[in-house]
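Below is one structure, written out as structure tokens; the observations come after it.
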Amino acid sequence: MLLEIAIFVISGPKPSLLFGNFPNYLQRNFIYDLDDIYKCEFSQYRGCPFVGIYAVRKPKVFITDPEFSKKVLTTNFRNFRNNEECDMVDEKSDPIVALNPFWMRDDEWKRIRQEITPAFSNNRVKAQYPIMEATCHKMTNYLRRHVKSQGSNVKVEEISRRLTNENLMNCIFGLESHAFDEDKRSSLQMFKDYVFEFAGIDSFFAKIFIWPLFKDFYKYNLLKPRIKSFFVDMLKHGIAFRTKNPGSREDFLAFLMQMHEKKGTSVDGMVAHALTFILDGFETSGIMMDTVLYEMAKHPRVQEKLRKVIEEEITSSDGSLSYETLCDLPYLDQVVNETIRLHPPLLFLMKQCNESVEVPFNDGKETKIIPKGVSALISTYSLGRDPILYENPNDFYPERFDDGAVKDYKDKGVFLPFGDGPRICIGMRFALAQIKTAIVEIVRNFKFTLSSEMKEPLMLGRSFFGVTEQSIEVNFVPLTEE
């Protein structure tokens, strides 16, 4: 194949017959094989900003140069504007998911993205901050009850997913989830089931890796009928309640209702936007919260320093933190940034080359062409652990992000936990706000350490999210009585 020849002339590791350059695909997260290639690149393939690899039989380019990674996402965005996953669904197989900006292509993606972007503005997130605070108080009470009745050992995903579920049900549908009330029915399981459907993408990817044309004949059905019915019903209940009880809340539900009134957005379109919010705000936010707690439990110095900073700020502001103050706590930012450097919620980015692009390297003395149709892989996991880009990269040291260093890292293309450019994660601001609010609440009320039952080292499960293979278990000790 001409495409394969174009890739073959690019230096790269020799692929195996069955799994290409991912020989351990069935045993562990494929990001580890990709990281091995990244590490070898510095000694074997230096010079070109990318290497040629095979995902089983499908050729791809793996971008190993941070500067070129940034170009792919920003200045060369026109050439790489579509996610490879765009080919996996269509309106016939999954009409609601197909309306999600993540899965959309070209101008249609741009139109929908522009339509939904105002819902995630700073003012909108600020308006939902009281909801986040109220949810965090419920979380604190739940943790205290758990410690008294079941002991201090807690699996943190039980806390994080309840928190994100409670926030999202209230912000999206205007309804209480009761995620922290064991004796009441909660929507938590339905949220988990929705995210669980993404596990099916693993096997779908495997089929595409082996038979690249498979996606032309079969599209992945992400939204199963019962899950679709649940979210449609929740949206209708939320709209009906808000119509009978109008108020001044500027939450996500209010935005959806305004879209319906002004633009005639269909119920399917509204649910598609809601699912975008859920995917960004439920699972990826939960992963962030899990790993922040993990790192602070391992590093009491960081935990104590952050606690002192928070208490000083609260003391000077009459016992509470405003949204503006939350967003302006430098050390909290440093802790979160250092965590997602080591544990990005999205392990990689995969961009489809929509127009062939000529890439100069070696000071312009040589060029290589990335052909149209080939996908480019960027490992956010590998960039964050590169010893050339970060001193002592495996150490958890939040102070490395001091004095505005995060901007420098982003400008260099070495810090991409949410992507970059026009397709940067749309829910990033909301996700950070709810995680920061929760961390402040926990640090104020508990000291916490890793459980002796916690298995180390922390390994990634076989998922395209940064989900850990083992549960993160933490011992919580209340600082004060109720």
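Working only within the range 395-414, note down all residues that are part of a loop (DSSP other than H, G, I, E, B) and in contact (Cβ under 8 Å) with a residue 24 or more places away in the chain. Of everything in the range 395-414, those that are part of a loop (DSSP other than H, G, I, E, B) and in contact (Cβ under 8 Å) with a residue 24 or more places away in the chain turn out to be Phe396, Tyr397, Asp402, Lys412, Gly413, Val414.
In the range 241-271, which residue that is over 30 Å from Lys92 (Cβ atoms) and not in a loop (DSSP other than H, G, I, E, B) is least open to solvent (accessible area, probe 1.4 Å)? Lay out the reasoning, then the answer.
To start, the set of residues in the range 241-271 that are over 30 Å from Lys92 (Cβ atoms) comprises 241-251, 254.
Those left that are additionally not in a loop (DSSP other than H, G, I, E, B): 241-244, 254.
On the way: Phe241: 111, Arg242: 34, Thr243: 90, Lys244: 166, Ala254: 13 Å².
Filtering first and then ranking leaves Ala254.
Within the range 61-112, being at pLDDT 85 or above, closer than 30 Å to Lys224 by Cβ and buried (at least 21 other Cβ atoms within 10 Å of the Cβ) holds for Arg81, Asn83.
Considering every residue within the range 91-114, establish whether at least one is in a strand (DSSP E or B), out of contact with any Gly (no Cβ under 8 Å at 6 or more places or on another chain) and either of a type outside the set (Phe, Trp, Tyr) or under 30 Å from Leu168 (Cα atoms) (or both).
no
Pairs linking a residue in the range 323-347 that is open to solvent by 10 Å² or more (accessible area, probe 1.4 Å) and at pLDDT below 95 to a residue that is β-branched (Val, Ile, Thr) and part of a helix (DSSP H, G or I), with Cβ atoms under 8 Å and 6 or more positions apart or on different chains, are Leu346/Thr284; Leu346/Thr380.
A search for C-beta distances below 7 Å between a residue of the range 64-75 that is part of a helix (DSSP H, G or I) and any residue that is of a type in the set (D, E, K, R) and open to solvent by 50 Å² or more (accessible area, probe 1.4 Å), counting only pairs 6+ apart in sequence or on different chains, returns Pro66/Lys412. Within the range 459-477, can one find any residue that is open to solvent by less than 70 Å² (accessible area, probe 1.4 Å), free of Cβ contacts under 8 Å to residues at least 12 places away in the same chain and either in contact with a strand residue (DSSP E or B) (Cβ under 8 Å, 6 or more places away or on another chain) or in a loop (DSSP other than H, G, I, E, B) (or both)? No, that holds for no residue. Could you tell me whether Gly269 is without any contact (Cβ under 8 Å) to a residue 12 or more places away in the chain, of a type in the set (Gly, Ala, Ser) and farther than 17 Å from Asn167 by Cα? The answer is no for Gly269.
Checking Ser452, Ser471 one by one, the residue that is in contact with a Lys or Arg (Cβ under 9 Å, 6 or more places away or on another chain) and hydroxyl-bearing (Ser, Thr, Tyr) is Ser471 and no other.
Quick check on Glu355: is it open to solvent by 20 Å² or more (accessible area, probe 1.4 Å), at pLDDT 95 or above, of a type outside the set (A, V, I, L, M) and outside any helix (DSSP H, G or I)? No, not satisfied. Considering the range 288-318, and only residues there that are modelled with pLDDT under 95 and open to solvent by less than 40 Å² (accessible area, probe 1.4 Å), the residue that is nearest to the chain's Cα centre (by Cα) turns out to be Ile314. Among the residues of the range 436-450, none qualifies, meaning not one is in contact with an Asp or Glu (Cβ under 6 Å, 6 or more places away or on another chain) and either open to solvent by 40 Å² or more (accessible area, probe 1.4 Å) or under 29 Å from Asn29 (Cα atoms) (or both).
Only one of the numbered conditions (1) farther than 30 Å from Ile131 by Cα; (2) surrounded by fewer than 17 Cβ atoms within 10 Å (Cβ to Cβ); (3) in contact with a Phe, Trp or Tyr (Cβ under 7 Å, 6 or more places away or on another chain); (4) not hydroxyl-bearing (Ser, Thr, Tyr) is violated by Pro360, and that is (3).
Pick from the range 167-210 the residues that are among the aromatic types (Phe, Trp, Tyr) and modelled with pLDDT of 85 or more: which of them is surrounded by the fewest Cβ atoms within 10 Å (Cβ to Cβ)? Talk me through it step by step, then tell me what you get.
If we filter the range 167-210 for residues that are among the aromatic types (Phe, Trp, Tyr), which is where we start, we get 173, 180, 191, 194, 196, 198, 204-205, 209.
Next, only the ones that are modelled with pLDDT of 85 or more stay: 173, 180, 191.
On the way: Phe173: 25, Phe180: 23, Phe191: 27.
Result: Phe180.
Scan the range 389-426 for residues that are open to solvent by 40 Å² or more (accessible area, probe 1.4 Å) and farther than 19 Å from Phe348 by Cα and report the count. Qualifying residue count for the region: 9.
The values are calculated or read from the model by the stated rules, or taken from the named source; none is laboratory data. Predicted, not measured: the structure shown is a model, and the values here were computed from it. Note: ideal-geometry Cβ built from the backbone for every residue, glycine included; neighbour counts use all protein chains shown. Surface areas here come from the heavy atoms of the whole protein model, side chains and all, with no ligands, DNA or RNA. Shrake-Rupley method; radii C 1.70, N 1.55, O 1.52, S 1.80 Å.
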